[in-house]
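Data first, discussion second: the structure below is written as structure tokens.
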Amino acid sequence: MPYMTKPLILLLCLVVTAECRRHGHRVRRWTGTVETQKHGTSLAKKPPDVTKSRKVKTEHLLKVDDHDFTMRPAFGGPAIPVGVDVQVESLDSISEVDMDFTMTLYLRHYWKDERLSFTSSTNKSMTFDGRLVKKIWVPDVFFVHSKRSFIHDTTTDNIMLRVFPDGHVLYSLRVTVTAACNMDFSRFPLDSQTCSLELESCWYNRLYINFTLRRHIFFFLLQTYFPATLMVMLSWVSFWIDRRAVPARVSLGITTVLTMSTIITGVNASMPRVSYIKAVDIYLWVSFVFVFLSVLEYAAVNYLSTVQDRRERKMRERARSQSLPCTCGISQTRTMTMLDGTYSEADTNSLAGYTEEPMVPDEEQEELHEVPEKPEHMVVHLSVSSESTTTKKKKSLRALNIIQNTHAIDKYSRMIFPGSYIFFNLIYWSVYC
């Protein structure tokens, strides 16, 4: 028994030794791996990025408190180049009365300020809001002919400041500006206006932004030209109305004149008070003259008709009040023929020696026959005009026929007025278009 105890103790020691060696080898492998990882980390280590630290403030990062930003960068040296970029978002309104325009745009500035440089290996730039703008230097750019302007502030100030590690700065803001524009309305509404937006700085040159505005004519065709043309054509309807229908023709003429006056007043109310004639003024006033002349045409027709009617009335009254002094023994038919002027030379020669026979009633004629008196003879001398004199009278009567015949005035007006207005339109649109 004692002999078997010693081998058992020796075997147990060998087993324990083997297990200890295995455990020691595992611990050694794990410890070596950890050391390798630590060694690799130390080789790939980079300098700290200050932009990733939450404890660093903006003032400390950009060193705002270490510099005097009331002075421009590199003060005392050469001028700092400043780039300006303008992106027009919308053209809000154009006012012809005030001669200005309103537009919304993005105004961007580019410059370099080494005082704002910072160390960063991962961030290519840093973006800030408008609160930092008040602490650094920015270009003093302003609009020259600005009447009103403001920076949008909904929901916050529309200002962006982006700073790059090398000191380059991008300053962008959204602005709505109302600027003056000297407009020329001599060809209105067939015109095009050239306006400019000028930016200037106390230290830099002036920047001009020119743009051309072209007006669409379709709106003015519907609101101005078509109504004026229709009023002129409506005034021509009176030429086909009977000249004796005074209320109809007068009311039509007055209505067209008042309508043209309203159109002219409406156009001038939306235009500035300039000292020259505009293209639309020429068209409207010529149309107004045509309408007014149609009223005057009926006034002339009515006056001449009244004069003619009065003259015919007097002739009828004179014919009734007067009677023929004698028949000279000529039949009634021949007497009327002589009065009409269609007598012949034989009739003229046959009048000599005829006895005067006064036109008296039958009772008085019987009494006169009872008292014989010495018959009296009357010699009538009639001269027959030559053919040339008759031709001249016919020509003069034809010349006065238009004036005496009021229907002829309306007839010629139906052709003259439309033809003249069409000719005016051809010249107008060929010149201004």
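Here are some notes:
- Two-site label geometry, Ser93 and Leu293: point separation in nm, points 7 Å out along Cα→Cβ: 4.2 nm
- Using the Cβ-Cβ distance between Glu198 and Asp140 with R0 set to 22 Å, the FRET efficiency works out to roughly 0.90.
- In sequence order, region 104-110 has phi-based couplings of 10, 9, 9, 9, 10, 10, 10 Hz under the Karplus curve 6.51 cos²θ - 1.76 cosθ + 1.60, θ = phi - 60°, and Gly or Pro positions carry x.
- With eigenvalues of the C-alpha gyration tensor scaled by 5 and rooted, region 136-214, Å: 32, 16, 11
- Where region 132-265 is the region considered: accessible area per residue in Å², 1.4 Å probe: 56 Å²
- Amide H partners (placed H, <5 Å) of His168, local residues excluded: Asp113
- Panel values: region 85-208, Kirkwood radius from alpha carbon pairs, Stokes-Einstein at 10 °C and 1.306 mPa s, translational diffusion coefficient 96 µm²/s.
- Taken over region 115-179, the convex hull of the Cα atoms encloses 95 Å³ per residue.
- Normalised convex hull volume, region 174-253, alpha-carbon set, Å³ per residue: 150 Å³
- Separation in nanometres of the label points that stand 7 Å from Cα toward Cβ, at Val84 and Ser121: 4.2 nm
- A straight chain from Met271 to Phe75 at 0.36 nm per residue would run longer than the Cα-Cα distance by 65.5 nm.
The values are calculated or read from the model by the stated rules, or taken from the named source; none is laboratory data. As the structure is a computational prediction, the values presented were derived from the model and not from experiment. Glycine gets a Cβ as well: all are built from the backbone with ideal geometry, and neighbour counts include every protein chain shown. Just so you know, the surface numbers come from the protein's heavy atoms only, side chains and all, with ligands and any DNA or RNA stripped out. Shrake-Rupley method; radii C 1.70, N 1.55, O 1.52, S 1.80 Å.
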